[in-house]
Every structure is written in structure tokens, then in C-alpha cells.
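J.: Quick one: this structure, given as C-alpha cells, is what I'll be asking you about.
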Amino acid sequence: MTNPFSGLVPSWALWPMIVVATAAAVVASPALISGSFSLTRQAVQLGYMPRMRIVHTSSTEPGQIYIPQVNWLLALMAIGLVLGFQSASNLAATYGVAVTATMTITTILWSVVARERWHWPLWRIAAIGTLLLVVDLSFWTANLIKVPRGGWFPLLVAGSAFVFMTTWKRGRTLLSGIMRKRTLPMQMFLDDLAKNPPARVPGVAVFMTHDTFGASPVLLHHLKHNKVLHERVVLMSVETEDIPTVEPADRVEWSDLGQGFYQVIAHYGFMETPSVPEIIRRLKADGLKLKPMETSYYLGRETLLPGGKEPLAYWRKQLFIIQSRNAQSATAFFDLPANRVVELGTQIQL
């Protein structure tokens, strides 16, 4: 059978075309890898994947990153594809289903962006979107006959990624709800502190917390067991915004809550990696000085158990627990000085 690629060009242009195709493959390969790194970091920042080790390979370009886990996953999947399908012709079905499905999903996402971000009228979106979907769905449905011959593979990968990401997002939402029930309103906590002041020791304690409105369980746990507080206590939250990057002037905001307590909220885009040392430097520039060698960082470490009553399937609870156990530690992810970190553990039933 004649190779369709060879039949596209006359015989004299075959070898030049092979050179061009090879060069295109060489260019596309690092683009795929770097794109995987970038999308993974964005998913981590938006709360759809567990924390991972992100290595910055440039001191001047924040977008140049390397994620070892993703790199190894791509390598293992590439080797598995070669061993499983044996030849490029056998991969044709896989490629066709993947590309046409991507085209269809892109059109659907474009429609959502046009409506939610650009505020286009529905008639305009329907007119353009219908035209594009007619073409996309024609290609996609034509490729469905290839699913038994290898087209199942991209569908399996996409389905697995969807389950993995939505389980993490749902699990973190449920866990945040449980932790929020264990917090106290900040004003209530400060009023009680004024009535029953504990011993205060020199130094600064930074409590990392998701909740910007209450006293975190880690703070309450620390006070309950140790019966002391530092002279200055900083409640620090890191929030990811729905924009790629945040302007330096908008990075950090802080307020004095009284009685030596401070609320700090740091804002990062989904293409940026949080760094507590950077936050500390910006606080110093804004007037809140924290000496590194006098500052201790308090983190919570949750031991999750699947026997609770949260509305999540048991197998997804188990998957979420595995994800949590294998997530990168908050100490490394937020670039905290390891010798200044104190972790307080608790058990939580999902």
C-alpha cells in the first residue's frame, strides 16, 4: 500500500520533505514537554493537582521551569506507546482521535470564553460556534471508528486525568470545609485573648492558613498545647488569582489586627510559584519587618481517614488520600527555611 505521506510530493522532493518533517518533529517535541510543565504548574496553582516540585531553570525568566515528575511520566508513556503500538501506522488511529477531540473541545472552550470574558451576544457565539462545531464534529465522528484500533488510548488518558484532577479539587474543597468548621472568628479569638492573655515569648510566629477570616486550627492547636504565643503572630494566606501574573505592587497586602496579630494575604497568578521569602521581603519594604532568624513557621499536617460522612465515593476518598500523601510538602513548595518550620498534626475523617 502506498504511504500517503510519500504520495503528497513528487519523487524529487521526497527527501527534502523528510528533512522538513524531521525538523518539525524536533521542534514540536520540546514544545510539548515545556507545555506540559507549564500546564501542570497552572493546574497546581488553581488547585486541580497536588503540589509538585517545580524547578526554575532561569533566574530571569519565570516561565522557564522543569517538573521532574511530569518529565518521567512523559518518558514512561512514550516508551509504553512504542512498545504497545509497535509502528507509526498503528499510532495513526490514536493521533486522529486525539487531534479531532482537541479541536472540538477548543471550540467549546472558545464559546465559554467569548461569553464569560468577552461578553459577546449569544447569537454571535452560536453563529460562529455552530460553524466550527459542524467541521470539528464531522472529523471527530469520522474518527470514532478508529477507537477499537487504538483511539481508545487518548480517551483513557484524558479520562484518567479528569478523574485525578476533579478528585483532588473536590477533596480539597471538602477538606477546606472541615477545617473551616474548626476555626474561630478572628474577632472572637482576639476578644477571648484579651480576657485570658497567655504568656508571650520573643520572636515572630507565621501561621500558614487558607482561611483569611478566622483563627486557623493550627494556631488554636498550638495555643491549646503549648500555652504560649509569640510577641508577634502573622496569619499568612497565599491566594491564586484567575490571571497569569500579578503586578508586584499588588503582590502583598497586610493589616494590623491588634494584640500583636497581623493578617497577610499574598496574591499570585496561576503562572507564578509562591515564595514566602519573597513575601517577607515585600512586607519589609511595606513597613512590617520580620527578622528571618527570629521567625518560626507553623504548618498543619493532616492525616486523612476515609471513614467519614463527606459526600464523596469511597474509592475517590482513597485516591485523594494517596494524592495527599504524595504531594510535595508545603515547606518545599512555599520555599520555607526547613530549620524554622514546626508542623502540628491532626487526624481528619473524610
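J.: Tell me which of these Tyr262 doesn't satisfy, since it passes every other one: (1) crowded, with 18+ Cβ neighbours inside 10 Å; (2) of a type outside the set (Val, Ile, Thr); (3) touching a Pro at 6+ places or on another chain (Cβ under 9 Å).
T.: (3)
J.: Quickly run through the range 283-299 and pick out the residues that are buried (at least 17 other Cβ atoms within 10 Å of the Cβ) and either outside the structural domain of Val238 (by TED's automatic domain parsing) or not aliphatic (A, V, I, L, M) (or both).
T.: Result: Thr295, Tyr297, Tyr298.
Table: residues versus (1) of a type outside the set (A, V, I, L, M, F, W, C); (2) touching a residue at least 12 places away in the same chain (Cβ under 8 Å); (3) in a helix (DSSP H, G or I).
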position: Ala23; (1), (2), (3): no, no, yes
position: Ala28; (1), (2), (3): no, no, yes
position: Ile33; (1), (2), (3): no, yes, yes
position: Ser36; (1), (2), (3): yes, yes, yes
position: Leu39; (1), (2), (3): no, no, yes
position: Gly47; (1), (2), (3): yes, yes, no
position: Ala75; (1), (2), (3): no, no, yes
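J.: Now, a different point. Among the residues that make up the range 318-337, is at least one of them among the small types (Gly, Ala, Ser) and more than 21 Å from His210 (Cβ to Cβ)?
T.: Within the range 318-337, not a single residue is among the small types (Gly, Ala, Ser) and more than 21 Å from His210 (Cβ to Cβ).
J.: So which residues in the range 113-126 are in a helix (DSSP H, G or I) and surrounded by 11 or more Cβ atoms within 10 Å (Cβ to Cβ), if there are any at all?
T.: First, pick out the residues of the range 113-126 that are in a helix (DSSP H, G or I): 113-116, 122-126.
Hits for the range 113-126 are Val113, Ala114, Arg115, Leu122, Arg124, Ile125, Ala126.
J.: Can I ask one more? Taking only the range 154-208 into account, find how many residues are closer than 28 Å to Asp335 by Cβ, polar (S, T, N, Q) and assigned to a helix (DSSP H, G or I).
T.: Result for the range 154-208: 3.
J.: Give me a count of the residues in the range 84-104 that are without any contact (Cβ under 8 Å) to a residue 60 or more places away in the chain and either surrounded by 15 or more Cβ atoms within 10 Å (Cβ to Cβ) or touching a His at 6+ places or on another chain (Cβ under 7 Å) (or both).
T.: The number of residues fulfilling the criteria is 11.
J.: Could you grab the pairs with beta carbons closer than 7 Å, sequence gap of 6+ or different chains, first residue in the range 105-133 and at negative phi, second one part of a loop (DSSP other than H, G, I, E, B)?
T.: The qualifying pairs are Ala114/Trp120.
J.: In addition: Check Glu272, Glu302, Glu239 and return the single one that is buried (at least 19 other Cβ atoms within 10 Å of the Cβ) and within 22 Å of Ala43 (Cβ to Cβ). Show your work before the answer.
T.: On the way: Glu302 fails: buried (at least 19 other Cβ atoms within 10 Å of the Cβ); Glu239 fails: buried (at least 19 other Cβ atoms within 10 Å of the Cβ).
Selected residue: Glu272, the only one of Glu272, Glu302, Glu239 that is buried (at least 19 other Cβ atoms within 10 Å of the Cβ) and within 22 Å of Ala43 (Cβ to Cβ).
J.: Still on this structure, I have one more. Within the range 313-343, work out how many residues are buried (at least 16 other Cβ atoms within 10 Å of the Cβ) and either of a type in the set (Val, Ile, Thr) or at pLDDT below 85 (or both).
T.: 3
J.: Take the residues of the range 1-23 that are of a type in the set (A, V, I, L, M) and at pLDDT below 80: which is farthest from Ala92 (Cα to Cα)?
T.: My answer is Val9.
J.: Taking Gly214 as meeting all but one of (1) out of contact with any Pro (no Cβ under 7 Å at 6 or more places or on another chain); (2) over 16 Å from Ile280 (Cα atoms), write down the number of the exception.
T.: So the condition that Gly214 fails would be (1).
J.: So which pairs qualify, if the first residue must be in the range 277-300 and at pLDDT below 85, the second must be of a type in the set (Phe, Trp, Tyr), the Cβ gap must be under 7 Å, and the two must be at least 6 apart or on different chains?
T.: That search, which allows pairs on different chains as well, returns Asp286/Trp254; Leu288/Trp254; Leu288/Tyr262.
J.: Is it the case that Ala313 is aliphatic (A, V, I, L, M), touching a Pro at 6+ places or on another chain (Cβ under 8 Å), within 26 Å of Ala43 (Cβ to Cβ) and assigned by TED's automatic domain parsing to the domain that holds Gln328?
T.: Numbers: aliphatic (A, V, I, L, M): yes; touching a Pro at 6+ places or on another chain (Cβ under 8 Å): no; within 26 Å of Ala43 (Cβ to Cβ): yes; assigned by TED's automatic domain parsing to the domain that holds Gln328: yes.
Judged against the criteria, Ala313 is not a match.
The values are calculated or read from the model by the stated rules, or taken from the named source; none is laboratory data. Model, not experiment: these values are computed from the prediction. Backbone-built Cβ (ideal geometry, glycine too); neighbour counts: all protein chains shown.
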